[in-house]
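Visitor: I have a structure here, written as structure tokens, and I will follow up with some questions on it.
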Amino acid sequence: MVLLSEVKGIGPKTETLLNKIGVFSIDDLVTHYPFRYDVLKRSNLKEVNEEERIVIDGKVESIPLIVRFRGGLNKLNFRLATVQGPVGVSIFNRAFLKPNLGIGTNIIVIGKFDQKKNIINASDIKFGSLSNQEKIEPVYHTTNGLTQKNLSNYINTTLLKYGNDIEDKVPRYLLDKYNFLNKKTALNIIHNPPNFDKLKEASMRLKYEELFEFMFKINYLRLEKEKNELGIVRSGNRHDLDKIIASLPFQLTGDQKKVLDEIIVDLDSERRMNRIIQGDVGSGKTIVSFLAMYYNYLCGYQSALMAPTEILAIQHYNNMKNIFKDCDVNIELLTGSIAKKDKQPIYKGLKDGSINIVIGTHALIQDEVEYNNLGLVVTDEQHRFGVNQRTNLKNKGVRPDVLYMSATPIPRTYALTIYGDMDVSIIKEMPKGRKPVKTYVRKESEIKDVLERMHKELKKDHQIYVIAPLIEDSDNIDLTTVYNLRDKMNLAFGSKYKIDIVHGKMATPAKDLIMNEFKQNKIKILISTTVIEVGVDVPNATMMVIFDANRFGLSTLHQLRGRVGRSELESSCILISNVDKKRLEIMEQTHDGFVISEEDFKLRGSGDIFGTKQSGDMSFKIANLRSDYKILSQARKDSLEYLKDKNYDSDLLKQHLIESVKID
């Protein structure tokens with residue numbers, strides 16, 4: 001296997017920079033695809049407006065002169081011969097380019113043209129010329145110290161020398177069937193597109209390969225599950241479960257009943273359950289999982305529920321203890337912050353079977369934890385755990401049934417493909433009495449009205465979330481931060497109401513302390529980043545204000561909005577943004593998370609919907625679930641046929657793909 005360090009020009013320092021952008025191998029390097037393409041088209045200098053961006057190419061006609069200013073600033077001046085006549089070029093702080101700008105050098109200049117002075121005030125200079133008056137130039141995600149030009153050189157050097165060694169993951173007969181380019185050619189085109197037709201052809205081929213490999217893994221897992229994974233055979237008493245359901249202080253919705261029935265059929269069957277419940281924010285997924293765990297207890301088996309945060313685990317624990325307080329079921333909490341001496345009796349109870357249900361965080365999968373007869377594993381907000389974490393919990397039992405929950409709504413057609421190795425249950429119907437959160441889009445100039453609305457809620461002794469996209473100021477982007485907002489909120493309300501902040505960089509104990517104080521109504525305004533997207537239910541929180549709302553995907557905004565309206569109190573959400581008003585107005589028009597997620601697919605692709613990518617999850621480099629759904633569907637069909645076709649069982653590619661699934 002060729003190492004990155006073997007590629008010409010990549011030393012230890014450059015390798016470290018490449019690692020920062022997720023490049024650890026030559027395969028990572030050549031599949032570090034451009035995230036966009038700039039089309040450089042020659043401008044007509046006679047027709048451009050004063051402030052319009054122009055692109056012009058030509059040959060350097062004079063030796064560049066450097067003008068230096070105080071503070072280390074500099075300016076480079078030279079003449080450029082173009083097909084439209086000679087022009088002057090000025091560019092600031094590029095003195096280091098002078099040795100490369102010899103007379104006769106072909107360059108492309110991007111900037112603004114001053115017609116009176118016949119000078120281009122350049123913002124960028126690229127080497128080369130515009131053949132046919134147009135050039136398609138790839139733009140990559142990079143990092144400080146790693147230029148676009150250097151990254152492009154490393155990729156092209158690798159393709160030239162090692163391109164034939166790069167593994168093709170599409171069977172030969174499918175390459176022939178679809179008349180696909182070979183992989184090396186497709187990679188060369190994607191990084192150096194000669195025209196848009198060729199770029200489209202190469203892109204289609206590489207997307208297909210990525211989706212074929214993904215669907216191969218999902219189909220393999222499903223086939224193996226159907227073939228090998230026999231579940232626990234139960235003989236539960238449904239009557240005892242129905243008594244508990246009848247005693248609940250609320251009625252289950254039709255969707256909740258339907259999904260619970262689906263789960264019980266799975267639990268009673270010989271087949272091992274591998275099911276995901278998709279439900280909108282506040283749709284009542286959790287109570288369904290509680291009832292499933294209680295039914296599992298009635299059948300004589302232990303259950304474990306793993307939540308992504310300690311505070312959410314505590315909330316589930318308290319809610320479950322309250323619901324089953326009159327039942328003879330032993331429920332315990334296990335999290336990382338519990339003292340070692342207090343964990344020992346929990347470990348003992350899980351091992352001897354005296355604990356029936358345990359709720360916790362990743363502490364549930366530590367080596368010290370042994371279960372007596374784990375029959376059901378529930379993972380909340382499954383996309384926030386890596387594949388290995390979920391698998392480790394599943395492997396704690398002999399063959400426990402597995403139930404996942406996700407509050408990230410995905411249109412059913414996509415869910416059936418994405419979760420191809422799982423059965424999908426969907427809860428869309430909202431519990432009775434839940435009032436929709438009134439949503440408004442406002443400009444920054446309307447902040448006075450927003451503050452007045454906030455004051456009205458505070459006077460009712462209600463609480464408010466205020467959301468910012470950033471924690472701290474950034475040199476690269478001008479956005480509101482939690483610290484900016486703390487200063488502004490203190491100025492407006494600090495004399496009367498307690499205000500605090502919470503964000504992802506804080507230590508877990510500090511975050512939990514603040515969230516608990518907010519839950520106890522000690523903090524009136526909580527300023528946060530999206531860390532509260534999955535969090536504690538605070539029924540008294542009736543308002544959310546989101547600054548720079550245009551910076552968030554619709555699905556994220558919907559998840560955030562779901563933090564309020566958790567009681568019978570009327571609640572509101574205000575989205576503050578000076579731009580993107582039309583997109584944000586969707587939030588005013590609907591509260592259906594599935595409709596919103598469909599819009600997110602159309603507008604942004606899959607990335608925002610799945611949030612942070614986890615190991616083994618949705619980590620597509622070039623494909624997009626929304627725009628490439630037809631390719632995905634075909635890849636799903638082709639990969640299943642390939643898996644089932646015994647003629648290819650000795651195929652080295654097939655064996656390699658199967659091995660890669662086992663490693664994942």
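The values are calculated or read from the model by the stated rules, or taken from the named source; none is laboratory data. As the structure is a prediction and not an experimental result, all values here were calculated from the model. Positions of Cβ are backbone-derived with ideal geometry, glycine not excepted, and every protein chain shown enters the neighbour counts.
Visitor: When you scan the range 173-195, do you find a residue that is without any contact (Cβ under 8 Å) to a residue 24 or more places away in the chain and β-branched (Val, Ile, Thr), even just one?
Guide: For the range 173-195, residues without any contact (Cβ under 8 Å) to a residue 24 or more places away in the chain and β-branched (Val, Ile, Thr): present.
Visitor: Continuing with the same structure: Give the residue that is modelled with the lowest pLDDT, with candidates limited to residues of the range 267-294 that are of a type in the set (Ser, Thr, Tyr) and touching a strand residue (DSSP E or B) at 6+ places or on another chain (Cβ under 9 Å). Talk me through it step by step, then tell me what you get.
Guide: The first filter runs over the range 267-294 and keeps only residues of a type in the set (Ser, Thr, Tyr), leaving 269, 283, 286, 289, 294.
Cutting the leftovers down to touching a strand residue (DSSP E or B) at 6+ places or on another chain (Cβ under 9 Å) gives us 283, 286, 289, 294.
Details: SER283: 85, THR286: 93, SER289: 96, TYR294: 96.
So the residue we want is SER283.
Visitor: Would you confirm whether any residue within the range 247-262 is under 29 Å from TYR347 (Cβ atoms) and in contact (Cβ under 8 Å) with a residue 40 or more places away in the chain?
Guide: Quick first cut of the range 247-262, residues under 29 Å from TYR347 (Cβ atoms) only: none.
So far as the range 247-262 goes, no, none of its residues is under 29 Å from TYR347 (Cβ atoms) and in contact (Cβ under 8 Å) with a residue 40 or more places away in the chain.
Visitor: Hey, can you tell me all the residues within the range 536-575 that are among the hydroxyl-bearing types (Ser, Thr, Tyr) and either over 20 Å from ASP380 (Cβ atoms) or outside the structural domain of ILE586 (by TED's automatic domain parsing) (or both)?
Guide: Those that are among the hydroxyl-bearing types (Ser, Thr, Tyr) and either over 20 Å from ASP380 (Cβ atoms) or outside the structural domain of ILE586 (by TED's automatic domain parsing) (or both): THR542, SER567, SER571, SER572.
Conditions tested, residue by residue: (1) among the aliphatic types (A, V, I, L, M); (2) farther than 23 Å from GLN655 by Cβ; (3) not assigned by TED's automatic domain parsing to the domain that holds GLU568.
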residue: SER203; (1), (2), (3): no, yes, yes
residue: TYR208; (1), (2), (3): no, no, yes
residue: LEU211; (1), (2), (3): yes, no, yes
residue: PHE214; (1), (2), (3): no, no, yes
residue: ILE218; (1), (2), (3): yes, no, yes
residue: GLU224; (1), (2), (3): no, no, yes
residue: VAL233; (1), (2), (3): yes, yes, yes
residue: LYS243; (1), (2), (3): no, yes, yes
residue: SER247; (1), (2), (3): no, yes, yes
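Visitor: Test ASP461 against the stated conditions and say whether it is exposed (fewer than 14 other Cβ atoms within 10 Å of the Cβ), at pLDDT below 95 and either polar (S, T, N, Q) or not in a helix (DSSP H, G or I) (or both). Let's see the steps before the verdict.
Guide: Details: exposed (fewer than 14 other Cβ atoms within 10 Å of the Cβ): yes; at pLDDT below 95: no; either polar (S, T, N, Q) or not in a helix (DSSP H, G or I) (or both): yes.
No: the conditions fail for ASP461.
Visitor: Quick check on the range 129-136. Is at least one of its residues among the polar types (S, T, N, Q), under 17 Å from TYR33 (Cβ atoms) and touching a residue at least 12 places away in the same chain (Cβ under 8 Å)?
Guide: Within the range 129-136 (the criterion being among the polar types (S, T, N, Q), under 17 Å from TYR33 (Cβ atoms) and touching a residue at least 12 places away in the same chain (Cβ under 8 Å)), the answer is no, since none of the residues qualifies.
Visitor: Next question, about the same structure. Go through (1) in contact with a Lys or Arg (Cβ under 8 Å, 6 or more places away or on another chain); (2) within 27 Å of PRO193 (Cβ to Cβ); (3) among the polar types (S, T, N, Q) and name the single condition ASN74 misses.
Guide: The single condition ASN74 does not satisfy is (2).
Visitor: Does the range 295-303 contain any residue that is hydrophobic (A, V, I, L, M, F, W, C), at pLDDT 90 or above and part of a loop (DSSP other than H, G, I, E, B)?
Guide: Yes; the residues of the range 295-303 include at least one that is hydrophobic (A, V, I, L, M, F, W, C), at pLDDT 90 or above and part of a loop (DSSP other than H, G, I, E, B).
Visitor: Taking the condition of being touching a strand residue (DSSP E or B) at 6+ places or on another chain (Cβ under 6 Å), among the small types (Gly, Ala, Ser) and surrounded by fewer than 23 Cβ atoms within 10 Å (Cβ to Cβ), how many residues in the range 343-377 meet it?
Guide: Result for the range 343-377: 1.
Visitor: Let me ask something additional. Taking the condition of being within 19 Å of LYS488 (Cβ to Cβ) and at pLDDT below 90, how many residues in the range 543-558 meet it?
Guide: Residues that pass the stated criteria total 1.
Visitor: List the strands (runs of 3 or more DSSP E) inside the range 1-80, counting only whole elements, that have at least 2 residues being in contact with a Gly (Cβ under 8 Å, 6 or more places away or on another chain), over 23 Å from THR143 (Cα atoms) and of a type in the set (A, V, I, L, M).
Guide: Per the criteria, 53-60.
Quick grid of which residues meet (1) modelled with pLDDT under 95; (2) within 25 Å of GLY163 (Cβ to Cβ):
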residue	(1), (2)
ASN188	no, yes
ASN195	yes, yes
LYS207	no, yes
LEU211	yes, yes
ILE218	yes, no
GLU226	yes, no
LEU230	yes, no
SER235	yes, no
ASP242	yes, no
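Visitor: Being in contact (Cβ under 8 Å) with a residue 60 or more places away in the chain and of a type in the set (Ser, Thr, Tyr) narrows it down to one of THR158, THR105, so name that one.
Guide: Sole residue among the options that is in contact (Cβ under 8 Å) with a residue 60 or more places away in the chain and of a type in the set (Ser, Thr, Tyr): THR158.
Visitor: Could you count how many residues in the range 341-372 are in a strand (DSSP E or B) and polar (S, T, N, Q)?
Guide: Residues flagged as in a strand (DSSP E or B) and polar (S, T, N, Q) within the range 341-372 amount to 0.
Visitor: If ASP255 satisfies all but one of (1) under 30 Å from LEU3 (Cα atoms); (2) surrounded by 13 or more Cβ atoms within 10 Å (Cβ to Cβ), what's the number of the condition it fails?
Guide: (1)
Visitor: Now for a separate question. Determine which member of the set LYS8, LYS13, LYS41, LYS46 is surrounded by fewer than 16 Cβ atoms within 10 Å (Cβ to Cβ) and either touching a Ser or Thr at 6+ places or on another chain (Cβ under 7 Å) or aliphatic (A, V, I, L, M) (or both).
Guide: LYS8
Visitor: So which of ASN318, ASN296 ends up being farther than 25 Å from GLN559 by Cα and over 29 Å from the mean Cα position of the chain (by Cα)?
Guide: None of the others qualify; the one that does is ASN296.
Visitor: Ok, one more. Quick one: is ASP500 in a helix (DSSP H, G or I), of a type in the set (D, E, K, R) and more than 23 Å from the chain's Cα centre (by Cα)?
Guide: Criteria not met by ASP500.
Visitor: Another question, then. Which ones in the range 115-138 are in contact with an Asp or Glu (Cβ under 9 Å, 6 or more places away or on another chain) and modelled with pLDDT of 90 or more?
Guide: Narrowing the range 115-138 to residues in contact with an Asp or Glu (Cβ under 9 Å, 6 or more places away or on another chain): 115, 120-121, 126, 128-130, 133, 135-138.
ILE120, ASN121, PRO138, listed by residue number.
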